[in-house]
């Protein structure tokens with residue numbers, strides 16, 4: 001009887017321990033998913049500002065159609081990649097696609113800003129100045145949201161790799177999450193939108 005009672009106590013203790021690990025991994029996974037949703041909010045804001053920027057520039061830059069189209073195309077690709085990443089938060093392929101699309105968008109915006117420098121009337125336009133301010137503020141918010149997401153992913157990945165959680169993480173289906181990293185050095189600089 002005593003052996004059976006000891007065995008039951010051990011099983012109950014292990015079950016409580018496993019439930020605690022499971023719950024902490026769920027909590028950390030929800031934190032990084034929430035952190036990604038904050039990135040998504042800021043990216044959506046930026047995606048919404050870009051057509052306004054292009055429309056404002058279009059009136060002044062009649063001979064720069066290729067540059068404007070490149071910005072819109074890059075924006076659309078980034079928006080699609082963001083939606084896919086939102087459906088698969090933390091998964092390596094989705095995060096890699098989002099990183100690449102965001103890099104292309106940043107490059108297209110940087111090229112647009114270089115072209116804008118050639119148009120003094122456009123640089124003086126109030127709408128353009130306001131949009132430049134909004135995009136700069138949004139870029140800062142994206143950077144902060146990206147940092148919060150990466151911090152949450154790091155906490156989750158660390159928890160799932162530490163002993164004894166690593167024994168249960170695979171069993172419970174807690175896969176590693178991917179950071180939202182910059183893939184190319186040229187992407188490390190935010191697009192310059194100063195006039």
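Quick one: if the Förster radius is 30 Å, what FRET efficiency do residue 163 and residue 3 give, using the C-beta to C-beta distance and rounding to 0.05? The partial results should precede the final answer.
Values: r = 28 Å, r/R0 = 0.94.
Computed FRET efficiency for residue 163 and residue 3 comes out at 0.60.
Work out the FRET efficiency for residue 124 and residue 96 from their Cβ-Cβ distance, taking R0 = 25 Å, and round it to the nearest 0.05. Intermediate values should be presented prior to the final figure.
Details: r = 40 Å, r/R0 = 1.62.
The value I calculate is 0.05.
What is the angle, in °, between the Cα long axis of helix 2-58 and the longest principal axis of the Cα atoms in the chain? Nearest 10 is fine, range 0 to 90.
Approximately 0 degrees, to the nearest 10.
Taking R0 as 22 Å, what FRET efficiency do you get between residue 47 and residue 137 from their Cβ-Cβ distance, rounded to the nearest 0.05? Intermediate results must be reported in sequence, preceding the final value.
Values: r = 15 Å, r/R0 = 0.67.
With a Förster radius of 22 Å, E is 0.90.
I need the peptides 35-47, 165-177 ranked by packing, meaning the mean over residues of other C-beta atoms within 10 angstrom, with the highest value on top.
On the way: 35-47: 19.1, 165-177: 15.0.
Result, highest mean first: 35-47, 165-177.
Please give the Cα centre distance for the stretch 128-153 versus the stretch 22-41, rounded to the nearest Å.
Result: 19 Å between the Cα centres.
Laboratory data are not the source of any read-out in this text; all were calculated from the coordinates shown. These figures come from a predicted structure and were not determined experimentally. Don't worry about glycine lacking a Cβ; one is built from the backbone with ideal geometry, like all the others, and counts go over all protein chains shown.
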